[in-house]
1. So what's the gap between the Cα centers of segment 138-211 and segment 75-136, to the nearest angstrom?
2. For Ser138, Ser40, what ranking results if the residue with the fewest other Cβ atoms within 10 Å of its Cβ goes first?
3. Could you work out which residue, out of Val197, Val68, Val131, moves most in a Gaussian network model of the chain, that is, has the largest mean-square fluctuation with Cα springs under 10 Å?
4. Any idea what the relative contact order of segment 56-213 is, in percent, if you count C-alpha pairs under 8 Å spaced at least 6 apart?
5. Along its three principal axes, how long is segment 1-45 when you only count alpha carbons? Whole Å, largest extent first please.
6. Do any trypsin sites (Lys or Arg not before Pro) in segment 93-185 lie in a loop, going by DSSP, with at most 16 other beta-carbon atoms within 10 Å of their beta carbon, and if so which?
7. Where the eigenvalues come from the Cα gyration tensor of segment 2-203, what are the semi-axes √(5λ) of the equivalent ellipsoid, largest first, in whole Å?
8. Compute the Cα gyration tensor for segment 93-212, then decide on rounded, prolate or oblate, letting a ≥ b ≥ c be the square roots of its eigenvalues: rounded whenever a/c is under 1.5, prolate when a/b is larger than b/c in the other cases, and oblate in all that remain.
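Readers should treat all values here as calculations from the given coordinates under stated rules, not as data from a laboratory. Just so you know, these numbers come straight off a predicted model, no measurement behind them. Don't worry about glycine lacking a Cβ; one is built from the backbone with ideal geometry, like all the others, and counts go over all protein chains shown.
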Amino acid sequence: MRIAFIGGTGEEGMGLAYRFAKAGHACVIGSRAIEKAEASVAELREKDAALDITAATNADAAAQAEIVVVTTPYAAQAATLPPLADALAGKIVVSTVVPMAFEAGRASLLAVPEGSAAQQAQALLPRSTVVAAFQNLSAKKLLKGAPIEADVVVCADDAAAKQRIIELAAQIDGVRGVDGGALANAQMVEGITVLLVSVNRNYKTQAGIRIAGIS
């Protein structure tokens, strides 16, 4: 299928596009500036010239894709999504966004009026089905291409959309998709990213999460 990445020129968007293109999907990296998207595509094609990855503006990327992944910074989300509402209507929109701030080198979780970045995305895109996923995957590990031993917790109010993203997550080598329940639970998953930032800083690593006791 065709997967678009809104604000896809950052490490997370590029890493996910790289992995899903390796899994055989057509990926579109979107940006406000087409030149930035083209530069990101060129960088990924240096890794593998056969990857089906193209560049587009955010608006064109949203219009082209079957599934759209939002990888913008939280601070840009409220301005970025409403102009795309028509193009995203009726589609699954995956939120990877974490409302995180840094002060004196420490990460903290920002309060979101809607509860989480994913719930805010759903409020901004009422005609789309928002699914929260991939917040806790290391962008650096995604870009390296080696297997990632991690779980992706997927939260959504639509069971079919949630299952689809669980299956998509499992197409990243080493990753398991886990049903995390309703979209409201995304607040806790987003908070884990803030925790991982501290763990990674303390242990000089790129940690992920694994949930024990399920098969």
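1. Value for the Cα centre distance between the two parts: 16 Å.
2. With the fewest neighbours first, Ser138, Ser40 line up as Ser138, Ser40.
3. Val197
4. Working: 284 pairs, mean separation 33.1, N = 158.
After rounding, I find 21 percent.
5. The Cα atoms of segment 1-45 stretch 26, 17, 15 Å along the principal axes, largest first.
6. In loop regions of segment 93-185 (DSSP not H, G, I, E or B), the sparsely surrounded trypsin sites (Lys or Arg not before Pro) are Arg127.
7. 22, 20, 17
8. Oblate, because a/c is 1.5 or more while a/b does not exceed b/c.
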